[in-house]
Amino acid sequence: MISDERRQLVDNIRIAIAEEKTEETVLRVAAELIDGFSEGYNWTGFYMMRGDHLEVGPYIGPETEHTKIDLSSGICGAAASQKETVLVDDVKSDERFLACSLTTRSEIVVPLMDGSVCMGEIDIDSDQPAHFGREDKEMLEEVAVLVVERLKEINS
Ligand code: SME
């Protein structure tokens, strides 16, 4: 179960991305809406699979030097290769963490799964420790399903 405000966000994203006709704009609109949900979401964006690595897509937040990420590196690489959401309460104690900003304390990465294929992922950093909980995970996994459905419609 997710809260009413989270349900509202999922519904808003469904409606908004239905209007968008390119991958770039679908991802941008989704990132903007997700980012607006919480003041504790301090970097909100997408990485997409391009060949054998991840490339940064639309995001809201400080510029990142990690524009390309190998599947063997980072929290991002871990989520894409494990094909499961990775939630890190304290990035400083996770040796996989690749820092985009020195102020980041916690992170969640949710893969965009098309069956067993990872198309990319939603990545959110927070400056608050342990900012992400079960409801964020559930909400973002629902958003991931919507984004995958819309990207497949566009590409069909
Ligand atoms: N922290 C990520 C890298 C991406 S930046 O946060 C935007 C990671 O460890 O994979």
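The values are calculated or read from the model by the stated rules, or taken from the named source; none is laboratory data. Since we're looking at a predicted model, the values are computed, not measured. Protein only, heavy atoms only, side chains kept; ligands, DNA and RNA dropped before computing areas. Shrake-Rupley method; radii C 1.70, N 1.55, O 1.52, S 1.80 Å.
For this structure, a couple of remarks:
- Mean separation of Cα pairs under 8 Å and 6 or more residues apart, divided by the residue count, gives the chain a relative contact order of 25 percent.
- Fully extending the segment from ASP114 to MET1, taken as 0.36 nm per residue of separation minus the present Cα-Cα distance, adds 38.4 nm.
- Pairs of Lys residues in the stretch 8-156 that lie 8 or more places apart, or on two chains, and have C-alpha atoms under 22 angstrom apart add up to 6.
- Under a 5 Å amide H cut-off, with hydrogens placed 1.01 Å from N, LEU112 pairs with MET119, GLY120, GLU121, ILE122 among residues at least 5 apart or on other chains.
- Theoretical gain in end-to-end length, LYS152 to LYS92 [0.36 nm per residue, Cα-Cα removed]: 18.0 nm
- In the context of the full set of protein chains, the stretch 19-63 has a per residue accessible area of 48 Å² (1.4 Å probe).
- Stokes-Einstein D in µm²/s, Kirkwood radius over Cα pairs - the stretch 4-155 at 20 °C with 1.002 mPa s viscosity: 142
- Sulfur and carbon atoms: percent of accessible area, the chain [1.4 Å]: 48
- Added length on full extension, which subtracts the Cα-Cα distance from 0.36 nm per residue, ALA130 to THR67: 20.2 nm
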